[in-house]
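K.L.:
First, the structure itself, so that you have it in front of you.
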Amino acid sequence: MGNHIDKLAHLSYAEVPTAEPSGTDAEDEGARIGVSYIFSTDDDDTSADDRTDDKTPPPHELECVVFHTTACVYERRAHDLRAHSAETLVTKFVPGDVVEFVAAGQSPHWAVYIGDFQVVHLHRAEVKCGSVMDAGRGRRCRIVNQLYKYEPLSAAAVVRNATEHVGVKERELSWRNSECFAAWCKFGRREFKVGGELRIGKQPYKLKLLLDGKQVQELEFQSLDDAVMERRRRDRVLNEPEAQS
């Protein structure tokens, strides 16, 4: 990333919270938070899951990195963006895998594979269990175990976390979207839950976005939950058909 940037600039401002635009995925409803913007660099690299290949070009999504103070907690590079049909990839899933479904104009949808072609996922304010095909609804998918850098739980614990919450809905929910739910099942970290982190004025999370393959924009957040919401909003906007015309 850093090789694309010749100089460092700084810009910060407070953004008045606004509601998400209409027509978005119901699981991502909520207000945006104030952020400060800093242009910076990053040169780290990681490997994609070895069950993917190079046959499918990546969708129109931003490469990005999330740091908590100085520790990298999430990283998505170009080689992580390859997506495949669910029919093709489902034979490679193993229980405990986290799967991401992607499509133009939609927020990414995450699910936990529990075996026998079944997944558990948070959809429309309810944790549901169903087939991979039903959860995917024709969207392409990828295995995303490697994106978050936390130590994963055992496969059995991941499956147990997911299945024990099937049927939980609405006010009983502790997660703002499907990604936070699936990531909590995978890593068991309170950061993925609503209110899991104290908001005391500090902004320890930094979301770095590679814009147009050239410039890195850095946004600061009080919680991982907020950083996830903003990144998902960016994905949805960039994947809208008019954004690609």
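The values are calculated or read from the model by the stated rules, or taken from the named source; none is laboratory data. Since the structure is predicted, the reported quantities are computational estimates derived from the model, not experimental observations. With ideal geometry, Cβ positions are generated from the backbone for all residues, glycine too; neighbour counts draw on all protein chains shown. Keep in mind that these areas ignore ligands, DNA and RNA; they rest on the heavy atoms of the full protein, side chains included. Shrake-Rupley method; radii C 1.70, N 1.55, O 1.52, S 1.80 Å.
K.L.:
Among the residues of the range 132-173, write down those that are basic (Lys, Arg) and within 15 Å of Gly188 (Cα to Cα). Walk me through how you get there before you give the answer.
P.N.:
First pass over the range 132-173, keeping only residues basic (Lys, Arg): 137, 139-140, 142, 149, 160, 169, 171.
Result: Lys149, Arg160.
K.L.:
Sticking with this one: Under 9 Å between Cβ atoms, which residue pairs at least 6 apart in sequence (or on different chains) link something in the range 65-78 that is on the phi > 0 side of the Ramachandran plot with a partner that is buried (at least 18 other Cβ atoms within 10 Å of the Cβ)?
P.N.:
Thr69/Tyr205; Thr69/Lys206
K.L.:
Checking Arg77 against (1) under 24 Å from Asp225 (Cβ atoms); (2) in contact with a helix residue (DSSP H, G or I) (Cβ under 9 Å, 6 or more places away or on another chain); (3) at pLDDT below 95, which single condition isn't satisfied?
P.N.:
(2)
K.L.:
Let me ask another. Could you go through the range 175-184 and let me know if any residue there is of a type in the set (Ser, Thr, Tyr), outside any helix (DSSP H, G or I) and either free of Cβ contacts under 8 Å to residues at least 12 places away in the same chain or more than 22 Å from Ala71 (Cβ to Cβ) (or both).
P.N.:
First pass over the range 175-184, keeping only residues of a type in the set (Ser, Thr, Tyr): 178.
With the extra rule that they be outside any helix (DSSP H, G or I), the set shrinks to none.
There is no residue in the range 175-184 that is of a type in the set (Ser, Thr, Tyr), outside any helix (DSSP H, G or I) and either free of Cβ contacts under 8 Å to residues at least 12 places away in the same chain or more than 22 Å from Ala71 (Cβ to Cβ) (or both).
K.L.:
Filter the range 91-108 for residues that are open to solvent by less than 10 Å² (accessible area, probe 1.4 Å) and modelled with pLDDT under 95; which is nearest to His121 (Cα to Cα)?
P.N.:
Across the range 91-108, the extreme among qualifying residues is Pro108.
K.L.:
Would the range 115-124 turn up any residue that is closer than 28 Å to Pro204 by Cα and touching a helix residue (DSSP H, G or I) at 6+ places or on another chain (Cβ under 8 Å)?
P.N.:
Here is the first cut: in the range 115-124, the ones closer than 28 Å to Pro204 by Cα are 122.
Next, from what is left, pick out any that are touching a helix residue (DSSP H, G or I) at 6+ places or on another chain (Cβ under 8 Å): 122.
Taking every residue of the range 115-124 in turn, at least one turns out to be closer than 28 Å to Pro204 by Cα and touching a helix residue (DSSP H, G or I) at 6+ places or on another chain (Cβ under 8 Å).
K.L.:
Okay, moving on. Specify the residue that is modelled with the highest pLDDT; the eligible residues are those in the range 217-245 that are open to solvent by 10 Å² or more (accessible area, probe 1.4 Å) and in contact with a His (Cβ under 8 Å, 6 or more places away or on another chain).
P.N.:
Result: Leu238.
Yes or no, residue by residue, for (1) of a type outside the set (D, E, K, R); (2) closer than 26 Å to Ser174 by Cβ; (3) part of a strand (DSSP E or B); (4) out of contact with any Asp or Glu (no Cβ under 6 Å at 6 or more places or on another chain):
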site: Glu87; (1), (2), (3), (4): no, no, no, yes
site: Val90; (1), (2), (3), (4): yes, no, no, yes
site: Pro95; (1), (2), (3), (4): yes, yes, no, yes
site: Val99; (1), (2), (3), (4): yes, yes, yes, yes
site: Tyr113; (1), (2), (3), (4): yes, yes, yes, no
site: Ala135; (1), (2), (3), (4): yes, yes, no, yes
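K.L.:
Report, ordered by the first and then the second residue, all pairs with beta carbons closer than 7 Å, sequence separation of six or more or different chains, a first member in the range 100-129 that is farther than 11 Å from Thr163 by Cβ, and a second member that is among the aromatic types (Phe, Trp, Tyr) and not in a strand (DSSP E or B).
P.N.:
Tyr113/Phe93; Leu122/Trp175; Leu122/Phe181
K.L.:
How many residues does the range 188-229 contain that are among the charged types (D, E, K, R) and without any contact (Cβ under 8 Å) to a residue 24 or more places away in the chain?
P.N.:
Here is the first cut: in the range 188-229, the residues among the charged types (D, E, K, R) are 189-191, 193, 197, 199, 202, 206, 208, 212, 214, 218, 220, 225-226.
Filter again for without any contact (Cβ under 8 Å) to a residue 24 or more places away in the chain, leaving 190, 202, 212.
Residues in the range 188-229 being among the charged types (D, E, K, R) and without any contact (Cβ under 8 Å) to a residue 24 or more places away in the chain: 3 in total.
K.L.:
Scan the range 137-159 residue by residue and report those that are open to solvent by less than 60 Å² (accessible area, probe 1.4 Å) and part of a helix (DSSP H, G or I).
P.N.:
Start the filter on the range 137-159 by keeping residues that are open to solvent by less than 60 Å² (accessible area, probe 1.4 Å), which leaves 139, 141-148, 150, 155, 157-159.
Ala155, Ala157, Val158, Val159, listed by residue number.
K.L.:
Hey, does the range 160-170 have a residue that's assigned to a helix (DSSP H, G or I), of a type in the set (D, E, K, R) and open to solvent by less than 30 Å² (accessible area, probe 1.4 Å)?
P.N.:
Restricting attention to the range 160-170, the residues satisfying the condition of being assigned to a helix (DSSP H, G or I) are 160-163, 170.
Okay, now just the ones that are also of a type in the set (D, E, K, R), so 160, 170.
Right, trim to open to solvent by less than 30 Å² (accessible area, probe 1.4 Å) and you get none.
No; the residues of the range 160-170 include none that is assigned to a helix (DSSP H, G or I), of a type in the set (D, E, K, R) and open to solvent by less than 30 Å² (accessible area, probe 1.4 Å).
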